[in-house]
Amino acid sequence: MGGSGGKESGGDSGTASGGDGRVAPWRAALLAGAVAALAVGLTHLVPPLRSADETFSDLQIAHLAPPQPPHPGVALVTLGEDSFATLVCRSPIDRGFLADLIGRLEAARVRAIGIDILFDQPTIPALDERLRRRILDARVPVVAITALAQTPLTEAQRRYLGNFLDGMRHGHANLAKDPLDATVRWHVPRGEGGEPSLPASLAALAGATVPDQPFRIDWRVGPTPDEPPFAAYPAEMVALLPPGWLAGRIVLIGTVLNGIDRHRTPLALAGAATPGLVVEAQVLAQMLDGRTSPRLPLPVEAALALALAAAGVGLALTGLGPGLLAAVSLVPLAALWAGGSLLFAQGGPLVPLMAPSMAWIGGTAAMAAHLSLRARADRRVLMHLFANHVSQPVADEIWRERATFMAGNRPRPQQLTATVLFSDIEGFTTVCEALEPEPLIRWLEGYLDAMVRIVAAHDGVVLRFVGDAILAVFGVPVARTTQAQIDADAERAVRCAVQMGRELATLNQRWRDEGLPPVGVRVGIHTGPLVAGSMGGLRHMEYSLLGDTANTAARLESHAKTVGARSSPHCRIIIGDPTCRAVRGRIAVLPVGEVALKGKSRTVRIWLVIDGAEDETGRTLVEPEESGKTTL
């Protein structure tokens, strides 16, 4: 015996995020892994997300990088507006002045000299040759800059540059800029042809290890926002410096003019654009110190994203409602950003925040969506099986307790104790003979609708209509765990049958007014163990009852034909002995006796329910003057 379904009804007492929180661990892990991979992949491959991720890191570097004293091994000699005011030639820069400057630095016992000035045009030949010989004959290593192939120079400029640098140490000064926002974040120590960069050449001369592959720059900030990270002296003031100020340092010579050789860097977010000379100094200092970027490497970032995705999945599995889930999820997100920023400010690693944040949000949202979709699927199944013929409280209970009986998006078979009600119409054949098919269907629909409302009002579940017969059950699909609950189901079933007889009196009066014959109803009720669960496939599935209890209820209804007495003028209600024991002291009954029901080898003790008066509590009692009735 199975159940039929229909349109949805009943409230949703589960969370909108859905589900009961029971998800296979492998499924949760797979979801977390997919979300983490997607978060990391999107952050590094989708331009807007990558740009946002890099910008967030730049802001941390600009405003939170821990202050450091000026680097002891690198110094800058700068050519600014004041310096050019003293020069004979501004562009190209006075080669005689540069030759003298190198001599002064040599006398100051510097460790090495890097010239971040491109010698691609001739000036006065004697001065050009003087500078060239000064560089070649210097007692300290001097490295000049060259230009890679992508540098926009004419053929004449390249030819002159090559001749000037012939026999001279040199390295390129090309800066790697992010194509998205033209920000300098990486350094390329070697060009495509193997040409070292200016900082790489100087670092190698100092015995430092030079990476072969491009690397992120570890930006160094000064002691205060107003102090630079490197000692810097105007070129015209070098001759006046106290002895020893530059001794042992690698000195970089270059221009610091406004609008010339200025670049966008993470440090530039906190002030003006960064001179190329300072960028070269940053890279050189990093290689001298053997430092790497404080930003977490990609594998660690991916591991962090995976951990946060898993945490987000776990949060969603708690079953919080959507509003509360969104509010709660903001707390760890804020903690991630605040904690990551504080960690970097205290000298810790720079945590990339975009991918972990996306993983946290994605893990939470993806699992919430998964649970919601699964809950909708479960709800469709449950509503298809039950919702058309249950009361709101029962629908709520079914939905709230679905975790106890749902498996694989369908009710799993379970052994439970319930009360089955089977009813049929007396005189239905007469009605069929009196009505044409269409009016007959309307008449039957009116009867069934009235009976279904009564069953629902008594927290029963209508499983099936078999013609004019109704199969209902009390105590499914949520299994009862105590005898008191089982007895309460039995009492509701009996009171439901009594109310069906009373409703029939009203219906018969109306039908008489319409010229239709009156009918009666026979009801069989039995309480006992049964197996309940869904049967069928995807196209057709019913909630079915298997076992002797359901069969006995049907046999009791059929046996009611042979009972002369009535429960009420329009109803005969026959209940089995287990049901009778369950309603002891609350329902008036007459013993019918031990009977042999069709298909059963043993006799069954049965009782006829009597619809008597009701006291103020709603309990049915035996009228004192009526003899032969028994109140159990």
Give the residue, chosen from Arg27, Arg109, Arg104, that is within 30 Å of Gln157 (Cβ to Cβ), of a type in the set (Lys, Arg) and either surrounded by fewer than 17 Cβ atoms within 10 Å (Cβ to Cβ) or outside the structural domain of Met354 (by TED's automatic domain parsing) (or both). Arg104
How many of the residues making up the stretch 103-152 are free of Cβ contacts under 8 Å to residues at least 12 places away in the same chain, of a type in the set (A, V, I, L, M) and more than 26 Å from Pro243 (Cβ to Cβ)? 1
The stretch 151-185, residues that are part of a helix (DSSP H, G or I) and hydrophobic (A, V, I, L, M, F, W, C): Ala156, Leu161, Phe164
Enumeration of residues in the stretch 489-522 that are touching a strand residue (DSSP E or B) at 6+ places or on another chain (Cβ under 9 Å) and among the aliphatic types (A, V, I, L, M): Ala490, Ala493, Val494, Ala497, Val498, Met500, Leu504, Ala505, Val519, Val521
Condition first: small (Gly, Ala, Ser), in contact with a strand residue (DSSP E or B) (Cβ under 6 Å, 6 or more places away or on another chain) and more than 19 Å from Gly254 (Cβ to Cβ). Now tell me which residues in the stretch 189-212 satisfy that. Gly191
Please find, among Pro196, Pro229, Pro225, Pro214, the residue that is surrounded by 19 or more Cβ atoms within 10 Å (Cβ to Cβ) and without any contact (Cβ under 8 Å) to a residue 60 or more places away in the chain. Pro196
Consider Pro72 carefully, then state whether it is of a type outside the set (Val, Ile, Thr), surrounded by fewer than 16 Cβ atoms within 10 Å (Cβ to Cβ), outside the structural domain of Gly348 (by TED's automatic domain parsing) and within 55 Å of the chain's Cα centre (by Cα). yes
Total residues in the stretch 275-305, condition among the acidic types (Asp, Glu) and closer than 30 Å to Ala32 by Cα: 1
For residues that are hydroxyl-bearing (Ser, Thr, Tyr) and touching a residue at least 60 places away in the same chain (Cβ under 8 Å), tally how many sit in the stretch 438-492. 1
Within the stretch 232-268, work out how many residues are over 22 Å from Thr55 (Cα atoms) and surrounded by fewer than 18 Cβ atoms within 10 Å (Cβ to Cβ). 16
Mind telling me which of the residues Arg522, Arg512 ends up being assigned to a helix (DSSP H, G or I) and either surrounded by fewer than 19 Cβ atoms within 10 Å (Cβ to Cβ) or of a type in the set (D, E, K, R) (or both)? Arg512
Among the residues of the stretch 593-632, which ones are modelled with pLDDT of 85 or more, in a loop (DSSP other than H, G, I, E, B) and of a type in the set (D, E, K, R)? Asp611
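The values are calculated or read from the model by the stated rules, or taken from the named source; none is laboratory data. Keep in mind the model is a prediction, meaning the values are calculated, not measured. Please note: Cβ atoms are built from the backbone with ideal geometry, for glycine as well, and neighbour counts cover all protein chains shown.
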